[in-house]
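Structure below; questions to follow.
The values are calculated or read from the model by the stated rules, or taken from the named source; none is laboratory data. All figures in this text were calculated on a predicted structure; none of them were measured in a lab. Glycine gets a Cβ as well: all are built from the backbone with ideal geometry, and neighbour counts include every protein chain shown.
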Amino acid sequence: MPLAAAAAAVAACPSPIGLTRSLCRIEAHPRRRRRFRLEANSSASTSAPAPTAADEGGGAGLCPVVRFDMADFTVADRVSVGLHGRSDEMIFEATVCDPSSELYGSTVVLRQLKSLQAKRRGRRALEVLKKLARRQMMYHSYALQVHGYIAPCNAVEEEDVPLVLVHGYHGSHSLRHWLQLSDWIPTLEATLALDEEQVRRVGDDSVGGPAVTRQLRLIRILMRDLLIGVNYLHSHGLAHTELRIENVHVSPIDKHVKVGILGNAADFQDNDLSSSTIASNNDRRKMMIAFDMRCVGFIMAKMVLRELMDPSTFFKFKSFLTKGNDPSCLREFLLPTLYQNSPSGNIGLQMLDRQWGAGWNLLALLLATKPEERISCVDALRHPFLCGPKWRINPSANLIRWGLGSTAVRMAEDYIYGRHQRRRLSYFVELMEVLNPSLRTQNYARTQLASRQIWQ
């Protein structure tokens, strides 16, 4: 489409969502699209990714970043609400209209980056793509694929000319908008096209069932995909640092969770190879991984407990953790809120209580107060809460202790006045003492005293 015609069409559109004048001026003189080799840099570089001598050839090692012309796209007159731009970004949906392009006919997103900070995010996304190009299939499966950019030769360096990032379109909803739908379970099941083959990926062998089972199956699929994507970044020396439900998308094409365009991804290691820097790199890596896992914990909490989608309730939830409270007490803290909104039975509470409180255990490990105590992606993928009934899991001693204590608490909540339940509670206390790593005489005596008090 001619550039002048595109600008005239946008100007005639009454909608406030359209290309700005600066975006329409980006390619005043169309150039032939070309690939270039992007120089990797651990920090956000201030220079434009300039083409090199390898641009014209097809040698190995080229970064699959394409420089587009504005004339290569037909810009839509509206934008899906789920794309969620920042205040210094403008989002446009477009269709590739260049017949010579590999993306011809496909829908893409044009993300116009206006501020210096936004441009740094755009350049960083291109740098990360170069770093992850060795395993492009994994990158395409678990991240919003960045195809390239639109800018003149010196546009990235000029403060008044925006950089436009071209990346993949993976549906009109972010995970946040999926969870806000009243019928999100059947809608997302249809989007993922769940069948027996799909559910086998999470250790299940059937579809349908009660609402609790269906929602738990969906959460297992989404959480496992999310953890695989985050672990993919961690294994390549990168931390996402910006995991939120607004940045997570579910693609209806390949049925995978996408973890954003990675514009704020941070390297675990500094380029400085001094002894002091090398000594601190390991601590830096652990802290970054722990930060990402905490963000994954918040995403899981919102997926399971719909009450946390309310900003005021989530603020109280986050404040409880920020004050240094033990995440293992989350159930007791949230119980009044969950019962208040669903007196007949909260679905999220039922899911977390299943398998002797395995969901609460995983949530506590993801949100642990001390960063070094947070669970890793690999260990989380082996957790019983994310594994279906067809997968045989060998729980750790800590998880067995948690299960016994969780069962005892639930028995005390529901049957505190039942004499036969007191006998069961006494037996549970003795079982927990058997699993106590500190086998001391005074501990055993204390357990026997507690059992007698329960029985009385």
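Which one of M293, M303 is at pLDDT 95 or above and either within 22 Å of R374 (Cβ to Cβ) or not in a helix (DSSP H, G or I) (or both)?
Residue meeting the stated conditions: M293.
Regarding E93, is this residue on the phi < 0 side of the Ramachandran plot and in a strand (DSSP E or B)?
Yes: the conditions hold for E93.
Next up: In the range 292-307, is there at least one residue being touching a strand residue (DSSP E or B) at 6+ places or on another chain (Cβ under 9 Å) and not charged (D, E, K, R)?
For the range 292-307, residues touching a strand residue (DSSP E or B) at 6+ places or on another chain (Cβ under 9 Å) and not charged (D, E, K, R): absent.
Another question about this same structure. Do you know which residues across the range 352-376 are surrounded by fewer than 22 Cβ atoms within 10 Å (Cβ to Cβ) and farther than 14 Å from F298 by Cα?
D353, R354, Q355, W356, K370, P371, E372, E373, S376
For the range 56-90, give me each residue that is modelled with pLDDT of 80 or more, buried (at least 17 other Cβ atoms within 10 Å of the Cβ) and assigned to a strand (DSSP E or B).
Across the range 56-90, the qualifying residues are V66, R67, F73, V75, E89, M90.
Table: residues versus (1) assigned to a helix (DSSP H, G or I); (2) closer than 14 Å to S406 by Cα; (3) out of contact with any Asp or Glu (no Cβ under 8 Å at 6 or more places or on another chain).
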| site | (1), (2), (3) |
| --- | --- |
| F320 | yes, no, yes |
| G324 | no, no, yes |
| L330 | yes, yes, yes |
| Y339 | yes, no, yes |
| R354 | yes, yes, yes |
| A358 | yes, yes, yes |
| N361 | yes, yes, yes |
| I375 | no, no, yes |
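Scan the range 220-239 for residues that are among the aromatic types (F, W, Y) and within 10 Å of the chain's Cα centre (by Cα) and report the count.
0
Oh, and also: Look at T187 and say whether it is of a type in the set (S, T, Y) and over 30 Å from I91 (Cβ atoms).
Answer is no for this residue.
Hey, does the range 333-349 have a residue that's among the polar types (S, T, N, Q) and modelled with pLDDT of 90 or more?
No: zero hits.
Name, by its number, the condition in (1) touching a residue at least 40 places away in the same chain (Cβ under 8 Å); (2) over 23 Å from V250 (Cα atoms); (3) of a type outside the set (K, R) that does not hold for V304.
Just one mismatch for V304, condition (2).
If I go through the range 371-410 residue by residue, how many of them are free of Cβ contacts under 8 Å to residues at least 60 places away in the same chain, over 24 Å from L222 (Cβ atoms) and under 21 Å from the mean Cα position of the chain (by Cα)?
1
Could you check E242 against (1) touching a residue at least 60 places away in the same chain (Cβ under 8 Å); (2) under 9 Å from the mean Cα position of the chain (by Cα); (3) surrounded by fewer than 22 Cβ atoms within 10 Å (Cβ to Cβ) and say which number it fails?
The failed condition is (1).
Take the range 145-177 and flag every residue that is under 30 Å from L227 (Cβ atoms) and either modelled with pLDDT under 80 or part of a helix (DSSP H, G or I) (or both).
Hits for the range 145-177 are H170, G171, S172, H173, L175, R176, H177.
Provide a single number: the residues in the range 214-236 that are surrounded by fewer than 18 Cβ atoms within 10 Å (Cβ to Cβ) and in contact (Cβ under 8 Å) with a residue 60 or more places away in the chain.
Within the range 214-236, residues that are surrounded by fewer than 18 Cβ atoms within 10 Å (Cβ to Cβ) and in contact (Cβ under 8 Å) with a residue 60 or more places away in the chain number 1.
Got at least one residue in the range 178-197 being among the hydroxyl-bearing types (S, T, Y), surrounded by 19 or more Cβ atoms within 10 Å (Cβ to Cβ) and at pLDDT 80 or above?
no
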